[in-house]
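Below is one structure, written out as structure tokens, with a few remarks after it.
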Amino acid sequence: NCIIDGCNLVKVYQNGIEELKVLDNINIRVNNSDFIAILGPSGSGKSTLMNILGCLDVPTSGQYYIDGLDVLKASDNELAEIRNKKIGFIFQKFNLLPRLTAVQNVMLPLLYRGVEEEEARELAREKLTILGLGERLQHRPNELSGGQQQRVAIARAIVGNPQLLLADEPTGNLDSKSSEDAMEIFKELNRQGNTIVLITHDIEVAEQVKKVVTIRDGRIHESH
Ligand code: ADP
Ligand code: ADP
């Protein structure tokens, strides 16, 4: 039932001769269907932790298991496969491809996995329509508002039914109305059984999430 199991995670960056310990013995467990916010100020190590949880980076020491697989023993190919098949990523800056339409952006992860084009297009349309973008399928990112772009990015993250959604400051570039809309989408996805880890520096965002873990200076301070 445990999708994320991180134990004694340490991350040290080397800055010239100086060592910067950005994560200091972090323990974190996330079960299937959990919705967890990691709350902390800028510079507290949230992005570093998120990159490790998302298998984009490895810890300096500690153990990390994702869905039972020992990440530190996995090959680059295995890690790429985990990222592509098990995890949906959502970023502060949306990270959509500017030359592609909404529907093409959402199709992309399916095409990478070898899903046939017509089927990918249909699934992408379906997700975008559910997220209220049925009238925006052929728009490019610069023709969409920030809130709409983030909904395209959410559609892209969920279209392949990943086991885990990782959202890094997903509301950081949104106005308050779009931010609320995005949070409602995450809550609904969680009600449908999706596992979500969301990082934020915004207390109002974190307060809407079932479980909050606070990080400060690379240490987890309190959980409630
Ligand atoms: P947050 O996401 O909470 O703002 P980060 O994980 O981005 O925190 O950064 C934590 C600390 O680690 C900051 O002091 C940052 O400057 C430093 N840091 C992040 N990435 C690197 C890196 N690649 N090399 C050196 N220092 C880094
Ligand atoms: P965020 O807004 O997510 O906290 P930052 O703007 O702090 O991100 O950092 C952006 C990128 O730069 C990240 O990939 C981070 O790892 C890297 N980074 C941050 N601080 C440093 C640093 N002191 N030295 C090298 N790379 C850094």
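What follows is calculated from the coordinates using simple rules that are stated; it is not laboratory data. A quick note: this is a predicted structure, and the numbers were derived from the prediction, not measured. Cβ atoms come from the backbone with ideal geometry, glycine included; neighbour counts cover every protein chain shown.
What to note about this one:
- Those residues of region 47-66 which are surrounded by 22 or more Cβ atoms within 10 Å (Cβ to Cβ) and closer than 25 Å to GLU188 by Cβ, in sequence order: LEU53, ILE66
- Tally, over region 160-194, of residues that are in contact (Cβ under 8 Å) with a residue 24 or more places away in the chain, closer than 19 Å to LYS93 by Cα and either surrounded by 20 or more Cβ atoms within 10 Å (Cβ to Cβ) or away from ligand 1 (no atom under 16 Å from the Cβ) (or both): 17
- Here ASN25 meets the list (1) outside any loop (DSSP other than H, G, I, E, B); (2) touching a residue at least 24 places away in the same chain (Cβ under 8 Å); (3) under 26 Å from GLN92 (Cβ atoms); (4) over 14 Å from the mean Cα position of the chain (by Cα) almost entirely, failing just condition (3).
- Once region 1-46 is narrowed to residues that are among the polar types (S, T, N, Q) and over 19 Å from GLU207 (Cα atoms), the residue that is surrounded by the fewest Cβ atoms within 10 Å (Cβ to Cβ) is ASN1.
- Here HIS221 meets each of (1) part of a strand (DSSP E or B); (2) away from ligand 2 (no atom under 16 Å from the Cβ); (3) closer than 16 Å to ASP34 by Cβ with one exception, condition (3).
- Lone unmet requirement of (1) out of contact with any helix residue (DSSP H, G or I) (no Cβ under 7 Å at 6 or more places or on another chain); (2) of a type outside the set (Lys, Arg); (3) assigned to a loop (DSSP other than H, G, I, E, B) for THR129: (3)
- Some residue of region 79-89 being within 16 Å of ligand 1 (Cβ to nearest atom) and touching a residue at least 24 places away in the same chain (Cβ under 8 Å): yes
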